[in-house]
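Engineer: Structure provided below as structure tokens; questions to follow.
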Amino acid sequence: MVGGRSAVQEKMNPDICRAAQGREKVMATWKCSECGATSEGRCRPKTCKNCGADKEKIVKAES
Ligand SMILES: [Zn+2]
């Protein structure tokens, strides 16, 4: 279990970008847990651009 509170919020608003809510203003690195590809952006990519994995597989990478 990591970040219980934010995890719950993501479940409640799965398609709402947190940046749009003003909670996160910086760029983040997103990593696909399937193939390891990374991309940068404020929002979690809907799918992995490399392998097409579902967004559930894409996690925020620690930088
Ligand atoms: Zn991937």
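The values are calculated or read from the model by the stated rules, or taken from the named source; none is laboratory data. These numbers come from a predicted model, not from an experiment. Here the Cβ is made from the backbone with ideal geometry for all residues, glycine too, and neighbour counts use every protein chain on show.
Engineer: Being within 8 Å of the chain's Cα centre (by Cα) and of a type in the set (A, V, I, L, M) is the filter here, so list the residues in the range 25-63 that pass it.
Structural biologist: Those that are within 8 Å of the chain's Cα centre (by Cα) and of a type in the set (A, V, I, L, M): Ile58, Val59.
Engineer: A further question on this structure: Would you point out the residue of the range 29-62, among those that are β-branched (Val, Ile, Thr) and near the ligand (Cβ under 9 Å from one of its atoms), that is surrounded by the fewest Cβ atoms within 10 Å (Cβ to Cβ)?
Structural biologist: The residue in question is Thr47.
Engineer: Taking the range 14-63 as the region of interest, how many residues are of a type outside the set (Val, Ile, Thr), part of a loop (DSSP other than H, G, I, E, B) and modelled with pLDDT under 90?
Structural biologist: Matching residues across the range 14-63 total 13.
Engineer: Return the pairs, sorted by first residue and then second, in which the second residue is more than 7 Å from the ligand (Cβ to nearest atom) and not in a strand (DSSP E or B), the first residue lies in the range 38-54 and is more than 11 Å from Ala28 (Cα to Cα), the beta carbons are less than 6 Å apart, and the residues are 6+ apart or on different chains.
Structural biologist: Filtered contacts from the range 38-54: Lys46/Lys55.
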